[in-house]
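Below is one structure; the comments refer to it alone.
The values are calculated or read from the model by the stated rules, or taken from the named source; none is laboratory data. It should be emphasised that the depicted structure is a prediction, and the values quoted were computed from it without experimental measurement. Glycine gets a Cβ as well: all are built from the backbone with ideal geometry, and neighbour counts include every protein chain shown.
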There are 2 protein chains.
Amino acid sequence: MNVLVAGGAGFIGSHLIDALLAEGHRVVCIDNFFIGTKKNIEHLSGNPKFTFYEQNICDQDALSAVFDKENFDFVFHLAANSDIQASAKNPPIEYHNTYSTTFHLLECMRTHQVKKLFFASTSAVYGEKEGEHVAETTTPLEPISYYGAAKLGSEGLISAYSYMNRISVLIFRFPNVIGPRLTHGVIFDFVKRLKENPKELTILGDGTQSKPYMHVFDLVRGIITFKDGIQEGITLYNIGVETQTSVTRIADIICGKMGLENVKYRYTGGRGGWRGDVPVFAYNLDKIHSAGWQATWTSDETVAKTVEEVI
Amino acid sequence: MNVLVAGGAGFIGSHLIDALLAEGHRVVCIDNFFIGTKKNIEHLSGNPKFTFYEQNICDQDALSAVFDKENFDFVFHLAANSDIQASAKNPPIEYHNTYSTTFHLLECMRTHQVKKLFFASTSAVYGEKEGEHVAETTTPLEPISYYGAAKLGSEGLISAYSYMNRISVLIFRFPNVIGPRLTHGVIFDFVKRLKENPKELTILGDGTQSKPYMHVFDLVRGIITFKDGIQEGITLYNIGVETQTSVTRIADIICGKMGLENVKYRYTGGRGGWRGDVPVFAYNLDKIHSAGWQATWTSDETVAKTVEEVI
């Protein structure tokens, strides 16, 4: 196939490109390096099956020119802000980089008759559902972050464009995804700060915030497998792990892997790391398990593996 | 109160302004006359409690200047495209006029610390749920129109802005709303065409499309009543009538009121009027009924009353 990976220089996008190239597809990547990096895709330069465009997806004319030229069979849309903490302070980031990228890609798919889409959604669309194992049918959808809001809005847009233009869509709602090439988030942050000062570590909140961490290799395997069976309309799955790892446990795992002892944890206090952060989240994954996908590593194992990969 | 009615020159917005002025509030209206009309608000000129700004809500600087000057207590957001048939052919209308108006208003509310919002949402967020009486908890939310998608996206944005900025929000999901000052839709259209040719009438679809029609006076009474008890967080209600009126029944009511007999109906065939039109829809209104609001008129009565008002 001829595929577009929008946001392909990002952490997850670049791993997806590796997997798509390994399957023999011709891959076009568009990225503006807002979050993505040249380093993530530098190993692909010279690959005759890989083409890169450095541009903003919200430039409709430039995007349309790429669609004119490339004749895509499948669009993988991973172009979004992924730094929720940054947009909590500056919400227009999500309007421009998460919602509007979806709108402009869908407009090009409509005008260029591209009929297959993968969309990277998020558990953040659910909002706070403490004590509940959240399934795809859980309501109400009440995102508490601008990021979750823009992803929920994108899902809505995709629903209408899919119906109106007969686009087949696969949507995964991701948890925290980690692994090689990680550029931000709690693990990246803790490792960096412990390298600077191995004696103490400041931890946002009270350390009990607890979320499922999934490895990017498990996620990419899911996308690669399910893309081939894509159905008419929209197929939506939660993807992740049913276990969670607390922030204090992450700190313990990192200290263990780095061989640090007696590190003093300084908690800033409060339930969440920052306003808009969902402090406790757990998945119900019955739907994707029934469809034949299972994560390889638990949340704790994923954290431990990632720490080895990034330290 | 000092209130903003965004989209106040529209059909519903202008009735809401009348009701807010009648309660003694100071009302500022912003409208760009995309769908709204000067005629809808001309009776308010000279009213010292009414101020009008002709501008596009997506011009953030101009909008911010109005917020700087007016010091709002409450924002009523009815600025949206409402011609679903138009945006079915030209989806960017909804991106600009329905979703982006919400984003820019919320940004101004955030930066100007305005803490109360009413939002005009729609039954179109649900998508096709034939055979079901749709409640606020019904899932999945799968809009089939670009209009429904932009409204669902707006609800998502509102959820995050509400949480992050402690904005109290009242959301009503409207059905088809009709009454005086109606400027488009099936009733307006049938009356217009029967005046031109009283012998025959072309009806899109097979005429069995069936929806709840609610009178704008009932809707405005709901907004006026519930605004005073606005709660922290988001309170969301379906509002409407539990009965429905088919398109053929609308034609019959109009012909009856216009004194026309033996009008030949020519059906274009198919289930819906156009792609993106939900052909059959019914509400579960238990939540708003329990809260003390009931419609005055059934769907058929509302259609009959509106025909009298517009012929």
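Below is a table of values for the structure above.
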{"item": "Residue match in the range B:142-160 (condition: crowded, with 18+ Cβ neighbours inside 10 Å and in a strand (DSSP E or B))", "result": "no"}
{"item": "Residue check for A:Ile17: over 20 Å from A:Tyr99 (Cα atoms) and within 24 Å of the chain's Cα centre (by Cα)", "result": "yes"}
{"item": "Condition met for B:Ala124 (more than 17 Å from the chain's Cα centre (by Cα) and part of a helix (DSSP H, G or I))", "result": "no"}
{"item": "Answer residue from the range A:233-254, given it is away from chain B (no Cβ under 14 Å) and outside any helix (DSSP H, G or I) and is nearest to A:Leu201 (Cα to Cα) among those", "result": "A:Ser246"}
{"item": "Residue check, B:Leu219 outside any helix (DSSP H, G or I), crowded, with 17+ Cβ neighbours inside 10 Å and either in the same structural domain as B:Glu128 (by TED's automatic domain parsing) or modelled with pLDDT of 95 or more (or both)", "result": "no"}
{"item": "Counted residues, the range B:257-287 - those being more than 20 Å from B:Leu141 (Cα to Cα), touching a residue at least 60 places away in the same chain (Cβ under 8 Å) and in a helix (DSSP H, G or I)", "result": "1"}
{"item": "Condition check for B:Glu130: more than 23 Å from B:Tyr237 (Cβ to Cβ), of a type in the set (D, E, K, R) and either touching a residue at least 12 places away in the same chain (Cβ under 8 Å) or outside any loop (DSSP other than H, G, I, E, B) (or both)", "result": "no"}
{"item": "Boolean, A:Glu155 is in the same structural domain as A:Cys108 (by TED's automatic domain parsing) and within 18 Å of A:Ser299 (Cβ to Cβ)", "result": "no"}
{"item": "The range B:129-181, subset away from every other protein chain (no Cβ under 12 Å) and among the aromatic types (Phe, Trp, Tyr), residue farthest from B:Ile84 (Cα to Cα)", "result": "B:Phe172"}
{"item": "Total residues in the range B:159-201, condition of a type in the set (Asp, Glu) and in contact (Cβ under 8 Å) with a residue 60 or more places away in the chain", "result": "1"}
{"item": "Residue count, the range B:1-48 (criterion: surrounded by fewer than 21 Cβ atoms within 10 Å (Cβ to Cβ) and either touching a His at 6+ places or on another chain (Cβ under 7 Å) or hydroxyl-bearing (Ser, Thr, Tyr) (or both))", "result": "3"}
{"item": "Residue match in the range B:102-113 (condition: more than 14 Å from every other protein chain (Cβ to nearest Cβ), crowded, with 23+ Cβ neighbours inside 10 Å and at negative phi)", "result": "no"}
{"item": "All positions within the range B:47-101 that are free of Cβ contacts under 8 Å to residues at least 24 places away in the same chain and within 12 Å of chain A (Cβ to nearest Cβ)", "result": "B:Lys89, B:Asn90, B:Pro92"}
{"item": "Residues satisfying the stated conditions in the range B:263-275, i.e. at pLDDT 95 or above and either out of contact with any Asp or Glu (no Cβ under 7 Å at 6 or more places or on another chain) or not assigned by TED's automatic domain parsing to the domain that holds B:Glu196 (or both)", "result": "B:Tyr265"}
{"item": "Test: residue in the range A:86-94 that is over 17 Å from the mean Cα position of the chain (by Cα), at pLDDT 95 or above, closer than 30 Å to B:Met109 by Cβ and buried (at least 23 other Cβ atoms within 10 Å of the Cβ)", "result": "yes"}
